[in-house]
Amino acid sequence: DTASSILERMRFVSMKRLSDEHETLFWSIYHTVCHVSRFSDSDKNIQHGTTSVLQHSLHVAYYSCLLVERLGLPVCWEDLIRGALLHDYFLYDWHHYHKTSLLPHGFTHPVTAFRNASADFSLTLREKNIILRHMFPLTPVPPTCLEGWLVCLTDKYISTLETCFPNMTPVIMKP
């Protein structure tokens with residue numbers, strides 16, 4: 001397979017939709033997260049290329065759900081969706097971040113996202129795991145739940161698309 005045919009297959013997957021049941025659940029959780037928190041503020045900051053942090057988080061959450069649905073994996077859907085939406089809930093522009101740590105943003109933002117999410121939500125153990133461990137192996141401790149691994153891997157896939165192949169970045173239509 002050539003790189004272009006692999007990318008074309010990935011693009012085809014991006015046109016898939018969740019089942020009606022999971023689509024409804026996804027958008028219900030998304031709207032609740034937006035309504036009761038500062039999550040919408042993350043649309044002001046760029047994550048990769050021209051993709052905002054909110055768009056990136058939406059991509060990661062939606063694609064994690066698509067992966068679960070296609071593979072028939074046994075997950076807690078609510079924890080997966082909310083944890084994935086909040087995995088980068090750091091609420092600052094990391095490109096102009098004033099370092100308060102010797103480590104770069106990639107190493108430190110999971111803890112900042114966790115603190116912000118904990119301030120706005122009562123998080124489950126799975127959601128905490130998703131947020132704190134999504135940067136493995138950059139951060140040394142791996143996820144300990146299936147939902148955490150799914151978000152960790154989907155985050156890398158989506159980040160690669162947003163950074164290296166912006167024309168391949170998924171367009172997810174909000175209802």
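The values are calculated or read from the model by the stated rules, or taken from the named source; none is laboratory data. Just so we're clear, the structure is a prediction, and the values are computed from it rather than from any experiment. For neighbour counting, all protein chains shown are included, and Cβ atoms are generated from backbone atoms with ideal geometry for every residue, glycine included. For the accessible areas, the whole protein counts, side chains as well, though only heavy atoms, and no ligand, DNA or RNA atoms are used. Shrake-Rupley method; radii C 1.70, N 1.55, O 1.52, S 1.80 Å.
With respect to Tyr30, determine if the residue is in contact (Cβ under 8 Å) with a residue 40 or more places away in the chain and touching a Pro at 6+ places or on another chain (Cβ under 9 Å).
no
Name every residue in the stretch 70-93 that is at pLDDT 95 or above, open to solvent by 40 Å² or more (accessible area, probe 1.4 Å) and either touching a Lys or Arg at 6+ places or on another chain (Cβ under 6 Å) or of a type in the set (Asp, Glu) (or both), in order of residue number.
Across the stretch 70-93, the qualifying residue is only Glu78.
Output the residues belonging to the stretch 132-162 that are under 16 Å from Leu58 (Cα atoms) and open to solvent by 60 Å² or more (accessible area, probe 1.4 Å).
Leu153, Lys156, Tyr157, Thr160
Considering only residues that are among the basic types (Lys, Arg) and either buried (at least 17 other Cβ atoms within 10 Å of the Cβ) or free of Cβ contacts under 8 Å to residues at least 40 places away in the same chain (or both), which ones fall in the stretch 33-42?
Of everything in the stretch 33-42, nothing turns out to be among the basic types (Lys, Arg) and either buried (at least 17 other Cβ atoms within 10 Å of the Cβ) or free of Cβ contacts under 8 Å to residues at least 40 places away in the same chain (or both).
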